[in-house]
Amino acid sequence: MLDSRHRANHADHALAAQDVRAAVLELRIPEPAARAGQPVDFSKLKLSAPGAVRRPAVAAVADSMHDLAYGLIRVLDDNGAAIGPWVPELPSAALAAGLRSMLRTRAFDDRMYRAQRQGKASFYVKCTGEEAIAVSQALALENTDMLFPSYRQQGLLIARGYPILKMMGQVYSNTLDPLKGRQMPVMYSSREHGFFSVSGNLGTQFIQAVGWAMASALSGDSRIAASWIGEGTTAEGDFHYALTFASVYRAPVILNVVNNQWAISSFQGIAGGEAAPFAARGIGYGLPALRVDGNDFLAVYAVTRWAAARARANLGATLIEHVTYRSEGHSTSDDPSRYRAADEASKWPLGDPIERLKRHLIARGEWSEARHEALQNEVKQEIRALQREAEASGTLEANTTHSPKTMFEDVYKDMDWRLQRQRQEAGF
Amino acid sequence: MTTMSMIQAVNSAMAVMLSRDPKVVVFGEDVGYFGGVFRATEGLQKTFGKNRCFDTPISEGGIVGAAIGMGAYGMRPVVEIQFADYIYPAFDQLASEAARIRYRSAGEFTVPITVRSPYGGGIFGGQTHSQSPEGLFTHVVGLKVVIPSTPYDAKGLLISSIEDDDPVIFLEPKRLYSGPFEGHSDGAVKSWSTHPASEVPEGHYRVPLGQAAVVREGAEVTVLAYGTMVHVALAATRDSGMDAEVIDLRSLIPLDVDTIVKSVSKTGRCVIVHEATRTSGFGAELAAIVQKHCFFDLEAPIERVTGWDTPYPHAFEWQYFPGPARVAEAMRQVAAG
Ligand SMILES: Cc1ncc(C[n+]2csc(CCOP(=O)(O)OP(=O)(O)O)c2C)c(N)n1
């Protein structure tokens, strides 16, 4: 009796408020604003003006900053000036180093993409347009912090000084490949550089990063962890595992969602990005959640420093959504002209990260178009020379790689009788 | 009749079922507007509308769980897992749920879903685009496991799978999508158009689950294979000049034991071929069945030719892949034994 009256009241209330009526049910299936051949439309993208979003104290409680998940932290304005509360303290030399790493990353991507097209590699993934995220975050973190990336954070390795020659060796699966031909191109691994072995299975690294951070905390260490996934991957269970564990144990970890608008052919709305920003997912877990302009080198640096300072002070994890755009195909297996407007990349309202940092350095009086061009050429020459050197050790089509004998190693610490016998059977 | 590649045949099966049965829906990652990364669902959304064929979030557990829920409502979902290597997040929904709901509800609820997924190597996909996980699913009672080797079978088996009232794992040998592949990595890429089994009816037909096909009759040795390995076994037969009887299992669960037993009883020798890793692979089950039923007819120990017990290595694809040379060698050994 009571119960039914309560329910009726509830329904009345809802009706009065919105005049909603029961209807024949229908399923909503999200559609992007523009498909191939349609005019580009970014009007639904929520932007804030540069400098407009507040910067809470590093020690602020997560509950007091829900607005940050819905704003967009930006530092650089259209003229290249750095404005607002998030302007980081960064010497020009550090910015110049960041610019160089971004240019090297882009040049490396271009050469490897072409090499794949020529049949010298099986597969390649570019990060064009997203370089600021990996490069700036590598700069903002300590070199001893542990990184759990996806396949699109090659900029982390490059910024940490990993030899590009080795990366090329892996792309070509030749004798320079440190992973002995076992892994695909782009799925790098370098313990020395604090770069965890990249998995092809989306999302798995997110909770692993939290586990690493928990171990660091359990061990009384000072190092923190960071991980990256695409917005599409937030739909995997691993995202929920990571946020839950990070929240429960206040793990010293930075959880990054790189929202480049597209997951192969499905737009960010298919991952639930229309209902709420990906950063807002953090609120339900009680985590600080920041939404940042991912093409703004300074803003990315500033939020990463903020999140790292919290983690280092035992204040736990931060979720960061980087708003950016995947300028090129998902991979060499993809043809984005089939599913999205061809000029979307050029009309992306947040511009190109390299151009924007260049403009800022020029505005600071520390850089010029001429110097930029010179640097660009220098980097291109360097990458070309490295490519020639790498190709001298073979390419995939030339089939010059480690001995196939090695494929039986590292399945276990010690090879068991099966593998020994199978290696013999294989003739090695 | 029309000439179809395997991918076209798979597409045609879904189109036929979407038009015949309003309860059929098709969904998965990139399957809607784009038509799937292998183009299996090309044009389906355009023809049948967004409500019948749509994109999902990247969540394999979500895809299969949602399919089970739709099945409980009375629909007949056909879902795609983009690569079999990415099916593991759905394993709980498949092994603990889809496989057991009929049993635990005493038949009150059923799971009439089909989970399609490309499997197997041969495209330099490394360890996360090459796996053959069929043995994980044959081990789960309550699931059916179907693997075609030709366009004709792919369409007829997929239609039977969609019409089946139990959950079916439908594994598509991706290396066969555009042409029959015999395992000679350096050989020219063939197209399906000259293969007799590329003649496919445009409309509805079934290839029943649980019936193997004798694709080549022979007297010297029986070769049991499925998927890509059927073509490899035929190539090995030709290369070695041996008179092998090649059996395409087509469905692993339910398994056509009679055809297997009849053949091995006749030849007295048996080679089992699969691309999956050896230990606890489906070949072990086949060997146990053959030795039980054909013990007194066997003239030599049964041989297995399989992928090595390692992850699928990127650069050593062709040293890993159990190609025709290895199959032919096993055939000779078994014939001599
Ligand atoms: C578990 C799993 N499911 C599916 C795939 C296939 N796949 C590879 S990348 C990709 C899209 C990922 O999109 P997103 O997370 O947004 O990252 P982005 O590629 O845009 O950086 C898909 C579906 C996979 N690698 N792993």
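The values are calculated or read from the model by the stated rules, or taken from the named source; none is laboratory data. If you're wondering where the values come from, they're calculated on a predicted model, not measured in any experiment. Note: ideal-geometry Cβ built from the backbone for every residue, glycine included; neighbour counts use all protein chains shown. Heads up: the accessible areas ignore ligands, DNA and RNA and are worked out on the full protein's heavy atoms, side chains in. Shrake-Rupley method; radii C 1.70, N 1.55, O 1.52, S 1.80 Å.
Details
- Whole-Hz ³J(HN,Hα) from phi, Karplus 6.51 cos²θ - 1.76 cosθ + 1.60, for region B:83-92, glycine and proline x: 9, 4, 4, 10, 7, 4, x, 9, 4, 5
- Per residue accessible area of region B:2-176, 1.4 Å probe, in Å²: 31 Å²
- For region B:85-119 versus region B:167-196, the gap between their alpha-carbon centres in whole angstrom: 27 Å
- Here's how it looks for B:Ala276: its modeled amide H is under 5 Å from those of B:Gly307, which are all 5 or more places away or on a different chain.
- Over the protein assembly as shown: Kirkwood hydrodynamic radius from C-alpha pairwise inverse distances, Å: 28.1 Å
- Those chymotrypsin sites (Phe, Trp or Tyr not before Pro) in region B:80-135 that DSSP places in a loop and that have at most 15 other beta carbons within 10 Å: B:Phe109
- When a 1.4 Å probe is rolled over the protein heavy atoms, the share of accessible surface on region B:2-176 that falls to carbon and sulfur comes to 54 percent.
- For region B:210-336, the Rg and Dmax computed from alpha carbons only, in angstrom: 13.4, 43
- q = 0.11, 0.17 Å⁻¹, region A:163-286: log10 I(q)/I(0) [Debye, one scatterer per Cα]: -0.46, -0.94
- For the residue pairs A:Lys126/A:Lys380; A:Lys46/A:Lys126; A:Lys166/A:Lys380, alpha carbon separations beyond 19 Å are given by A:Lys46/A:Lys126.
- Selection from A:Ala317, A:Thr233, A:Ala215, by position along the positive dipole direction of chain A (Cβ): A:Ala215
- Net dipole in debye of region A:154-275 [+1 Lys, Arg Cβ; -1 Asp, Glu Cβ; about Cα centre; nearest 20]: 420 debye
- Using alpha-carbon coordinates, inclination of helix B:6-20 to the longest axis of chain B, degrees: 40 degrees
- Note that region A:220-359 shows a convex hull volume over its alpha carbon atoms of 123 Å³ per residue.
- Å² of accessible area per residue within region A:62-423, as computed with a 1.4 Å probe and no ligands counted: 36 Å²
- 3J(HN,Hα) along region B:212-224, derived from phi through the Karplus expression 6.51 cos²θ - 1.76 cosθ + 1.60 where θ = phi - 60°, amounts to 6, 10, 7, 8, 8, 8, x, 10, 7, 7, 9, 10, 9 Hz, with x in place of Gly and Pro.
- Split the accessible area of region A:299-428 by element, probe 1.4 Å, and carbon with sulfur accounts for 45%.
- Along each principal axis, Cα extent of region A:39-133, largest first, Å: 53, 39, 30
- Remark on A:Leu290: its backbone amide H falls under 5 Å from those of A:Leu319, A:Ile320, A:Glu321, a criterion applied only to residues 5 or more positions apart or on other chains, H modelled at 1.01 Å from N.
- Approximate shape of chain A as ellipsoid semi-axes (Cα gyration tensor, √5λ), whole Å, largest first: 38, 28, 24
- P(r) tail for region A:289-428: Cα pairs beyond 21 Å make up 72% of the total.
- Excluding exposed DSSP-loop trypsin sites (Lys or Arg not before Pro) (at most 15 other C-beta within 10 Å), longest clean stretch of chain A: A:192-346
- Estimated [θ] at 222 nm from DSSP helical runs (n ≥ 4, -39500 (n - 2.57)) normalised by residues in the protein assembly as shown, nearest 500: -11000 deg cm²/dmol
- Placing +1 on the Cβ of every Lys and Arg and -1 on the Cβ of every Asp and Glu, with no other charges, gives region A:62-423 a dipole of roughly 840 debye about its Cα centre.
- Relative to the longest principal axis of the Cα atoms of chain B, helix B:282-294 runs at roughly 50 degrees.
- Normalised alpha carbon radius of gyration of region A:121-198 [divisor 2.2 N^0.38 Å]: 1.03
- Calculated over chain B: convex hull of Cα atoms, volume per residue (Å³): 123 Å³
- Other-chain or far-sequence residues with amide H under 5 Å of A:Gly230's (modelled H): A:Val258
- Convex hull of alpha carbon positions in region B:1-155: directionally averaged projected area 9.3 nm².
- 5 Å binning of all Cα-Cα separations within region A:215-295, expressed as whole percents from 0 upward: 3, 14, 25, 24, 16, 10, 5, 3, 0
- Nearest 10 degrees, 0 to 90: helix B:324-336 Cα axis against chain B principal axis: 50 degrees
- Electrostatic dipole magnitude of chain B [Cβ: Lys, Arg +1; Asp, Glu -1; Cα centre; debye, to 20]: 440 debye
- Rounded Å value of the spacing that divides the Cα centres of region A:165-191 and region A:199-263: 24 Å
- Chain pair A, B: total accessible area buried, heavy atoms, 1.4 Å probe, Å²: 3500 Å²
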